[in-house]
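Since the structure comes first, as structure tokens, the remarks are kept for the end.
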Amino acid sequence: MAIYPKLILDALKNVRYPGTGKDIVEMGMVSDDIRIEGNKVSFSILFEKSNDPFIKSVVRAAETAILTFADANIDIKGNIKILTKKQVSTPVKSENPLPDVKNIIAVSSGKGGVGKSTVSVNLAVTLARKGYKVGLLDADIFGPSLPKMFGEEETRPYLEEVNGRELIIPVEKYGVKMLSIGFFVDPANAVVWRGSMASNALKQLVTDAHWGELDYFLIDFPPGTSDVHLTMVQTLAITGAVVISTPQEVALADARKGIDMFTNEKVNVPIIGLVENMAWFTPTELPENKYYIFGKEGAKKLAEELNVPLLGQIPIVQSICEGGDSGKPVALNKDSITGMAFSLLTDNFIKYVNKRNEEQNPTKKVEVRKK
């Protein structure tokens with residue numbers, strides 16, 4: 001049986017805090033730090049005071065509820081931590097969870113449907129083909145697409161002991177190490193989680209996975225601005241963000257918001273550059289023709305206006321859709337129109353990431369070595 005946070009929360013709704021008639025989930029006593037490692041489940045229960053007389057009885061009731069209503073094989077005994085709400089209000093900033101990763105890149109878009117995941121996947125594949133060590137995280141908890149786009153929908157990551165810890169081993173294909181919540185849930189079922197649950201599941205894919213040494217770790221963010229974006233920014237030292245847009249005005253308006261989110265003083269993540277996806281339509285039989293069906297050079301003009309680099313313009317061709325559906329990214333064919341467009345985009349991406357690193361470290365030039 002698959003174990004997931006909502007299953008645990010639903011079981012804990014059967015635990016009543018004595019004298020109130022309310023369950024501990026309703027009362028906000030179950031923290032957002034639900035962790036699942038195989039059949040081991042751990043989390044915290046929050047009490048107003050450390051000397052609450054019902055601590056032991058509530059913990060026992062919680063253990064019983066999980067074994068009764070979730071799964072009798074769950075390892076829960078001794079895995080429930082007791083905290084006071086005051087302790088939770090003053091969190092301690094954790095150390096860098098990815099010390100062996102040189103560049104962490106957020107790939108984002110202001111709205112859905114602009115091909116952000118397509119760009120993420122093909123950028124990752126092209127970087128790997130150029131000899132770099134690459135990781136790719138699908139951060140779209142509610143609409144994961146990575147397993148489909150790599151043709152690995154039936155694959156299930158496994159755990160392995162690394163330096164005394166049980167870690168998730170990322171799936172590897174086309175030279176790219178990748179993880180997605182899509183590897184752990186039934187693709188036919190919707191993921192119905194609260195924002196905090198999604199953020200914690202995502203943090204687990206980052207901190208409890210064996211990513212190893214990477215030159216580039218790309219995070220394919222969900223569209224828009226949400227808890228997930230803030231969680232990743234607070235958890236990781238992000239090198240910079242790549243923003244994807246189509247040329248049409250409605251997409252550009254949302255791209256502005258996405259750029260503003262990363263560059264405002266509370267987030268403060270620099271923009272590596274903009275990518276104009278669906279820049280024009282080119283029929284296979286007429287490779288020299290360009291039809292600007294979503295408008296002409298809208299993202300290019302926005303990049304000039306905001307003084308950020310335009311990393312590339314990706315045309316619409318039928319092979320992009322076919323590649324995503326078949327699990328064979330178009331960038332694998334380096335001599336195709338899109339393959340060449342992604343190669344140029346990737347070269348510009350590498351150039352501007354290095355430029356950003358040099359600005360951060362003016363005393364020495366930061367080069368990412370090829371493997």
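Got at least one residue in region 217-239 being more than 30 Å from Ala201 (Cα to Cα) and touching a Gly at 6+ places or on another chain (Cβ under 9 Å)?
Scanning region 217-239 turns up no residue that is more than 30 Å from Ala201 (Cα to Cα) and touching a Gly at 6+ places or on another chain (Cβ under 9 Å).
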### Query
Restricting the search to region 26-56, which residues are touching a helix residue (DSSP H, G or I) at 6+ places or on another chain (Cβ under 9 Å) and farther than 18 Å from Thr84 by Cβ?
Ile34, Arg35, Ile36, Glu37, Val41
### Message
Quick check on region 59-76: of everything there that is of a type in the set (A, V, I, L, M) and without any contact (Cβ under 8 Å) to a residue 40 or more places away in the chain, which residue is farthest from Ser31 (Cα to Cα)?
### Response
Ala72
### Query
When you scan region 338-371, how many residues do you find that are aliphatic (A, V, I, L, M), at pLDDT 85 or above and over 14 Å from Val119 (Cβ atoms)?
3
### Query
With (1) touching a Ser or Thr at 6+ places or on another chain (Cβ under 7 Å); (2) charged (D, E, K, R); (3) farther than 14 Å from Leu310 by Cα as the list, and Glu276 as the residue in question, which single condition is left unmet?
(3)
### Task
Residue by residue through region 257-307, note down the ones that are under 21 Å from Ile238 (Cβ atoms), without any contact (Cβ under 8 Å) to a residue 60 or more places away in the chain and assigned to a loop (DSSP other than H, G, I, E, B).
Asn264, Glu265, Lys266, Val267, Asn268, Asn307
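Table: residues versus (1) assigned to a helix (DSSP H, G or I); (2) buried (at least 16 other Cβ atoms within 10 Å of the Cβ); (3) among the aliphatic types (A, V, I, L, M).
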{"position": "Leu7", "(1), (2), (3)": "yes, yes, yes"}
{"position": "Ala11", "(1), (2), (3)": "yes, yes, yes"}
{"position": "Asn14", "(1), (2), (3)": "no, yes, no"}
{"position": "Thr20", "(1), (2), (3)": "no, no, no"}
{"position": "Ile82", "(1), (2), (3)": "no, no, yes"}
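The values are calculated or read from the model by the stated rules, or taken from the named source; none is laboratory data. None of the values given here were measured: they were computed from a predicted structure. Note that we place each Cβ from the backbone using ideal geometry, even for glycine, and neighbour counts take in every protein chain shown.
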